[in-house]
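The values are calculated or read from the model by the stated rules, or taken from the named source; none is laboratory data. Since we're looking at a predicted model, the values are computed, not measured. A quick note on method: Cβ atoms are made from the backbone with ideal geometry, for glycine too, and the neighbour counts reach across all protein chains shown. SASA here: full protein model, heavy atoms, side chains in, ligands and nucleic acids out. Shrake-Rupley method; radii C 1.70, N 1.55, O 1.52, S 1.80 Å.
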Amino acid sequence: MTPDTAGQLNRLRKEQRRNSLLFRVFAVGSGIAIGASLLFEQRLSWLMAITIMVMLMGAVLRHRMAQQTRHNIAQWEALMETQKRQAEQQEAWRRMRELLQRDLDEDAFLRALLDTSAEVLGAERASLWFLDKDRALTCRMSLVEALNGIRLAPTGLDGYLASLTQNPCLVTSDAQHDERLSGLHHYLRENRIHAMLDVGIFVGGELRGAICCESTSPREWHGDEITTLMGFAGLLSQFSESLRRREVEYDLYRQLHHDEVSGLATLRGLLERLQALTQRDEAFHLLVLRLGGLGHINETLGQQAGDEAIRQVAEKLKERLSELQGSIHVGRLPANRLLIAIPGQTDESLRRYCLERLLSLGEDSWRIFGTPSQLRFNAGVARYPLDAQDIESLLQRAELAVQHAREAPPPHLAFYTSQLSDWEQRLNRLERELRTALDEHQFRLYLQGQFDPAGRLAGAEVLLRWQHPRDGLLAPGSFIAEAEYSGLIRPMGQWVLDQACALLGGALHGSELSLSVNVSVQQLHDDAFITHLAQLLERHAFAPRRLILEVVESLLVTPGVAARLNALRALGVRLALDDFGTGYSSLRYLQDFRVDEIKIDKVFVDAITPRCDAPLVRSIIALGKALELRVVAEGVENAVQQDYLSARGIDFLQGYYLARPEPVDTFLRRLEKTPPG
């Protein structure tokens, strides 16, 4: 209530009292006049008549003045009541705005909104209703406990929802007979609701629900009350937008700071904790643990299996790190690496712990979705503050150490030293030189003959060599790992396949010799590989069965590989399982997948000695015969091995004892002198 309103109301009341007093004086005077006229009868009869007339006129005037004054007072009292309500509404609005800015949780804000609405509007029932995907209304929260969670089916709500959509609010003082609420009659009668004030809640311009104030007795809703509830609905819409924004921000924060696969922190999530260690000038070791074999699991079992492997490793790692004293910080780096900050250890104690408890994880039995899998672990360590005084440099040096550990002999653990910077430069240089080798045609094709037990040449395996301009002729062991890591294995493998097909359609066209070509997993995953191979077969016009593609045994468990292998067989080429017995396949896979040849790995052939039997070799040969597959033995290096294998029914032999790898020209010249057969 403003001072002007109160002053005006006081003036009206004083005027009413003054008029009442004047009328009483007038009435007393009139009474005296009438009395005098009665005493003097005839002589004052005219005075009596005038007095009566004046009294009647005064009575009429007084009545009209009293009516006007009461009317004015009622208007001003109503104005005062409105101003009082508006003041309360403004205070309530201010409180709700403050709550909105305090980032309350959803339940706390909604409860405060309902309590405030009921208080300001003088309503005994206030509730929030939200629309679900079926257009049904569900009570999200109510001051009447019995209403919480009840659901009003969409049938019959069309009129109610249309009204809220077309108009900002629905106001009724006779709810049970309002046609717009015909679909809610059961609810209204059951709860004895007479008057309703509902305001729609809109988010992004779409009706999402309503804030509802109800009365069980007849009442009218004032315009300022309607405006206030509409304002509260607007605040609720803002809160919904804010809540949605906070959820998005939280999701983004979680994605940046938490790895969902491993359950560990990301590097960004670890930075604050690592910075705290450096600010306290607390010495610690930063260890990068690399998971070997994860790429193979991804390629053979699929990405979900790779994620499962990381999850299992993270769980086992947390279990073992709990053995150490102090606060250990663990996180996941991109790809297949984990990051561990370990304070309070000496170099020697950490080295011993890594060897006994971390790197030994590779000896554990890992089963990924029921499939036995092999994981290897390499660790690189950098020390704060000895090796670097900031986290970024420290991490770079730990990464460098783990790269060195990966290349070094077992136990694959390396501490950073200044000499590793030179080693890193060598690796980078090797990748650059591989790219140059592709561009400048520095790779060479070598062939190693394959012979039947009688010693006749039946074919050859295609091998790759690198004619390095500085280091001379390099075998694949010097560069294949870097080629796979950098992705250069695809163009390199494609070049080998191109050259092999050109040989079969060119210099070897008149022979029946076959050529075996190793195909990498990356090549098989390339959608263009099969198309390119079909083009090569058409271009060089040789019998496709003379080309044998060697794939690793573990590729058979790769999801979707059956379709690719069938597509290759449809082209007419033959398929061989390379290094048979060293992967993860089973007899079931040999039955399910159609291959033509299995190659016994050298590690099994090495077991053949004059005094020792080789039962695994015998079993593999027998298995091949049973499945009607050609069996090729690799790595034959002496006569004992040749005789043993020939006696057990081997189909073809390959190894240094029979023929060393040689350049294509040398192979062709020897072929001219000693034709096969």
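For the reader, a short list of remarks on this structure follows.
- The trypsin sites (Lys or Arg not before Pro) of segment 93-184 that meet both conditions, a loop assignment by DSSP and at most 10 other Cβ atoms within 10 Å of the site Cβ, are ARG102, LYS133.
- Per residue, the solvent-accessible area of segment 394-467 (1.4 Å probe, heavy atoms of protein chains only, all protein chains present) comes to 48 Å².
- Space enclosed by the convex hull of the alpha-carbon atoms of segment 475-580, per residue, Å³: 107
- Of every Cα-Cα pair in segment 611-677, the percent that sits beyond 20 Å: 40
- Carbon and sulfur %, accessible surface of segment 317-475 computed with the full protein complex present, 1.4 Å: 47
- Per-atom-type breakdown for segment 594-677 gives carbon and sulfur 52% of the accessible area (1.4 Å probe, protein chains only).
- GluC sites (Glu not before Pro) lying in DSSP loop within segment 247-301, provided at most 15 other Cβ fall within 10 Å: GLU260, GLU282
- Restriction of the GluC sites (Glu not before Pro) in segment 197-226 to DSSP coil positions whose beta-carbon has at most 15 other beta-carbons within 10 angstrom yields GLU220.
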